[in-house]
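To start, I am sharing the structure in question, which I have written as structure tokens.
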Amino acid sequence: MKIYSWNILYRNRDLNAAFEFISHADFDVFCLQEVTEGFLKRLQTLPYHCAFRTDVERILPQGVVRNYVVTLSKYPIIRQGEIPFPEYWSHLPLRTRIFVRLMPSRYFSKIRNRGGLFVDIAREESTVRVFNLHLILAHPAWRLREFELAMAEHDPLRPAIVCGDLNTLERPHIGLLNWILGGRVGDALFYNRERIHIEKRFVVHELTNAFAGEVTHTLSRSQLDHILVSHSLAIKNTTVIPERYGSDHHPLCVEIA
């Protein structure tokens, strides 16, 4: 069983190449984040079962732009559910609001209606729950809170796969964003702390980080993107795909038994 996860980047300017990559990939399940409305319609033309939920609504000068988390599956989707994430804008400090307003809206904007998705897929005689998440780029504690909200839908007795962009920053040059976007000074200075904390949560939820130590996002030099696999599933092979097809994230692929 081959699982892919990829943050496609909502301002991706090479969507034709991205679509060609997805449509020709050998996958059983493909989880995508930051999918635009137009690209969602293209994905729905592919011969796969499709589930989606609003990833985020970006409030831009020209209006509200919606992105989606999308899960494509070769196997039937017998159930799907949404994981609403809290609204944080009113809790952001003044420095963060000023930063967002000063930055070009194509990079940072006010956001709302964020959330994740889970689906149950019927695979032979078993059912696997697949999560598709895109955690907030802001306060590290909020990211951990969102991860735990998602894991409230995870039963350790049932095989699960957690895909998505968890936005875990783990390098000094990018850690400053943790403070700028609402965290504490310590979140910027001790930039490895979040990685330590979230890896502990993976253990608690009996999940294996298939790409531990890999760089999935070139600019941040961090593992932003994850595929987590239940201990009951055997990982046969992992691949960080070198080509990014217009995104700033590398696609990930894991093969499990």
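The values are calculated or read from the model by the stated rules, or taken from the named source; none is laboratory data. Remember, predicted model here, so these are calculated numbers, not experimental data. Positions of Cβ are generated from backbone atoms using ideal geometry, with glycine treated the same way; all protein chains shown enter the neighbour counts.
Checking the structure you have, find out if any residue of region 172-190 is more than 24 Å from residue 111 (Cβ to Cβ), surrounded by fewer than 22 Cβ atoms within 10 Å (Cβ to Cβ) and among the aromatic types (Phe, Trp, Tyr).
Yes - at least one qualifying residue is present in region 172-190.
Within region 76-93, restricting attention to residues that are out of contact with any helix residue (DSSP H, G or I) (no Cβ under 9 Å at 6 or more places or on another chain) and at pLDDT 95 or above, which residue is nearest to residue 9 (Cα to Cα)?
Going through the qualifying residues, I end up with 82.
Does residue 246 fit the bill of being of a type outside the set (Asp, Glu) and part of a helix (DSSP H, G or I)?
No.
For region 65-78, state whether one or more residues are free of Cβ contacts under 8 Å to residues at least 24 places away in the same chain and not small (Gly, Ala, Ser).
No: zero hits.
Step by step: first the residues of region 101-132, then only those that are part of a loop (DSSP other than H, G, I, E, B) and of a type in the set (Gly, Ala, Ser), then the one that is farthest from residue 58 (Cα to Cα). Which residue is that?
Step by step, filter region 101-132, then rank; the result is 105.
Could you please give the count of residues in region 211-257 that are in contact with a Cys (Cβ under 6 Å, 6 or more places away or on another chain) and among the hydroxyl-bearing types (Ser, Thr, Tyr)?
Count: 1.
Turning to a different aspect of this structure: Out of region 55-92, which residues are among the hydroxyl-bearing types (Ser, Thr, Tyr), over 13 Å from residue 29 (Cβ atoms) and surrounded by 17 or more Cβ atoms within 10 Å (Cβ to Cβ)?
If the condition is that a residue be among the hydroxyl-bearing types (Ser, Thr, Tyr), over 13 Å from residue 29 (Cβ atoms) and surrounded by 17 or more Cβ atoms within 10 Å (Cβ to Cβ), then 68, 88 are the ones that fit.
Select from region 33-70 the residues that are over 22 Å from residue 87 (Cα atoms) and assigned to a strand (DSSP E or B) and list them in ascending order.
Listed by number, the residues that qualify are 49, 50, 51.
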